[in-house]
Amino acid sequence: MTSILIAIVSTIGSLAILFASIGILRMPDFYLRLSVTVKASTLGVGLLLACAAYVFPDASVTTKALSIVFFLILTTPVAAHMIGRTAYHTGVAKWKGTFIDELDDLSDKKEDGSPDNQDHAAPNREI
């Protein structure tokens, strides 16, 4: 019975990773690609590591697998947010079907892409 459960959970994890890789090819812009890959790959890797923690009865393997899952769930959304935010502020093009841009009013950029507020600009240091 447990081998059937492990097979089902590992298949779901593998399919989640497959959907993440298909999402890279199918999504029209960077932001949607980032979203689908982060969510699906985190779920897939988490499920596969949970299966590995259950299959191997050694406490060190279980501890390592569960700590990897914990830190993966903790750090992946933060990293994806920072990558997406940096992409937005550097001007990565959005999909033509994007109608709502909630950051447009909050943006620090002028029309030419330069910072609006000089307080955020890097100081000019000459050597």
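Here are the numbers for the structure shown:
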item: The lone exception for residue 71 - which of (1) within 21 Å of the chain's Cα centre (by Cα); (2) surrounded by 12 or more Cβ atoms within 10 Å (Cβ to Cβ); (3) more than 25 Å from residue 92 (Cβ to Cβ); (4) not aliphatic (A, V, I, L, M) it fails; result: (2)
item: Selected residue (only one of 87, 80, 40 is of a type in the set (A, V, I, L, M, F, W, C), more than 29 Å from residue 105 (Cα to Cα), buried (at least 16 other Cβ atoms within 10 Å of the Cβ) and touching a residue at least 12 places away in the same chain (Cβ under 8 Å)); result: 40
item: Residue match in segment 87-98 (condition: part of a helix (DSSP H, G or I), of a type in the set (A, V, I, L, M), modelled with pLDDT of 90 or more and touching a helix residue (DSSP H, G or I) at 6+ places or on another chain (Cβ under 7 Å)); result: no
item: Positions within segment 17-31 being surrounded by fewer than 17 Cβ atoms within 10 Å (Cβ to Cβ) and either touching a Pro at 6+ places or on another chain (Cβ under 6 Å) or in a helix (DSSP H, G or I) (or both), in sequence order; result: 18, 21, 22, 24, 25, 26, 30
item: Near pairs, Cβ below 6 angstrom, 6+ apart or cross-chain, from segment 18-30 (in contact (Cβ under 8 Å) with a residue 24 or more places away in the chain) to any residue that is exposed (fewer than 15 other Cβ atoms within 10 Å of the Cβ) and hydrophobic (A, V, I, L, M, F, W, C); result: 28/95; 29/95; 30/92
item: Contacts under 9 angstrom Cβ, first residue in segment 50-73 being over 21 Å from residue 8 (Cβ atoms) and modelled with pLDDT of 90 or more, partner loosely packed, with under 15 Cβ neighbours inside 10 Å and basic (Lys, Arg), 6 or more apart; result: none
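The values are calculated or read from the model by the stated rules, or taken from the named source; none is laboratory data. Nothing here was measured: the structure is a model prediction, and the numbers come from that model. All Cβ positions, glycine included, derive from the backbone under ideal geometry; neighbour counts span all protein chains shown.
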